[in-house]
Structures are given as structure tokens and as C-alpha cells.
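This report refers to the structure that appears directly beneath it.
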Amino acid sequence: MKKAIKKHRTICIVAGVCIVILVSLLLSGLRLCVIQSGSMEPTIPTYSVCLVTTRVAYGDLSVGDVVFYTRRSDGQQIVHRIVDVTDTGAITRGDANQTDDGISVTPDNLYARYIAHIPCGGRIINAIRTPTGYAMIAAIVAILIAWNIIDDKRRKNT
């Protein structure tokens, strides 16, 4: 086992770093969300990847916060800015929209609060989430593993 790990050290290091990053993100409450519409432009452009925190208390929300919530009618996640907080819930509106959403955020459907975004990063994530994207990643991993095995055999022979 030690010999196999030593032999494939680079792959083990890369896999280990990826696992540590993933577990850290999950435990910290940080998530990545892709913006699919233009309702928050120009603040958050369409297809941006947003870094959000799911560790947000409803009582900590204030006017001006950008939040992600689950729409009750269809279960879709929406990102909009809070324009008013009432006793029954928070009223939101997209920055590019002319009208309010009405009372849309309550403690039941609040998902996360916006932290930052990367413009256009969502196009890459959307491409990866398709069956073709999964196949391409699997092919890249297979090629890298095969390359590593071939390189090991070549080094053994010399």
C-alpha cells in the first residue's frame, strides 16, 4: 500500500487537497450558486458564480442584504435584495426589476446570504453539470491515470 501511494504521490496529493477543500466548504456553510437570470444585473451579472453562506439567521437580515431563498410556488431558488423587513417577512426585489416580489422571505424559506461573485464563472459550471461535461471530466481523469501508468512503465524500463 505504501509503495502504491509513493508511486502515485501526485494523484494522491491532488485528490487529498480536493477532498479537504470540499469538506471545508461543506462544514463552513459556504456554497457556490450559479445565477441563471438577469434580475440582479448590474450588481450580479447573469451566469455569475456566487459564494454564499448558509449560516445566516433570519433575525440578522436587514434592508439591502442580497439573499437566496426558495420560492414556495415552484421550489426554485431566487436571489434578490431585501427592500423592506416587516413583521410577517422580508420583501425582496431584483435590482433590475421594477416591482417588489412581495413578502417572499421568511425563516422557513431563507437559504443563504450573498458574499461575493465571479462573473461568467457559471457558464463553466453549467457546462460541467451536463452529461457531456461529466463524460469529459471522466475522460480527462482516465487519460491522466493512463498517462501516469505509462510513464511509470517507461521509467521502469530505463
Problem - Any chance residue 72 is at pLDDT 90 or above and either within 19 Å of the chain's Cα centre (by Cα) or not polar (S, T, N, Q) (or both) - result: no
Completion exercise
Among 52, 83, 34, the single one that is touching a residue at least 60 places away in the same chain (Cβ under 8 Å), in contact with a Lys or Arg (Cβ under 8 Å, 6 or more places away or on another chain) and either over 30 Å from residue 148 (Cα atoms) or not charged (D, E, K, R) (or both) is 52
Fill in the blank from the handout: Flagged pairs (Cβ under 8 angstrom, 6 or more apart or on separate chains; first in segment 126-153, under 20 Å from residue 9 (Cα atoms); second aliphatic (A, V, I, L, M) and open to solvent by 60 Å² or more (accessible area, probe 1.4 Å)) are 144/11; 145/11; 148/11
Practice task
Identify all residues within segment 18-55 that are in a strand (DSSP E or B) and more than 19 Å from residue 120 (Cα to Cα); write none if there are none.
Solution key: 30, 53
Fill in the blank from the handout: Within segment 1-17, residues in a helix (DSSP H, G or I), modelled with pLDDT under 80 and of a type in the set (A, V, I, L, M, F, W, C) come out as 4, 5, 11, 12
Completion exercise
If we keep only residues of segment 86-104 that are modelled with pLDDT under 90 and in a strand (DSSP E or B), then the residue farthest from the chain's Cα centre (by Cα) is 103
Handout entry: Matching residues in segment 46-70 - criterion: being surrounded by fewer than 16 Cβ atoms within 10 Å (Cβ to Cβ), in contact with a helix residue (DSSP H, G or I) (Cβ under 9 Å, 6 or more places away or on another chain) and not β-branched (Val, Ile, Thr)
Key = 55
Fill in the blank from the handout: Note on segment 105-125: residues open to solvent by less than 40 Å² (accessible area, probe 1.4 Å) and in a loop (DSSP other than H, G, I, E, B) are 106, 109
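The values are calculated or read from the model by the stated rules, or taken from the named source; none is laboratory data. Fair warning: this is a prediction, and the values are worked out from it, not measured in the lab. A quick note on method: Cβ atoms are made from the backbone with ideal geometry, for glycine too, and the neighbour counts reach across all protein chains shown. In case anyone asks, the SASA skips ligands and DNA or RNA and just uses the protein heavy atoms, side chains included. Shrake-Rupley method; radii C 1.70, N 1.55, O 1.52, S 1.80 Å.
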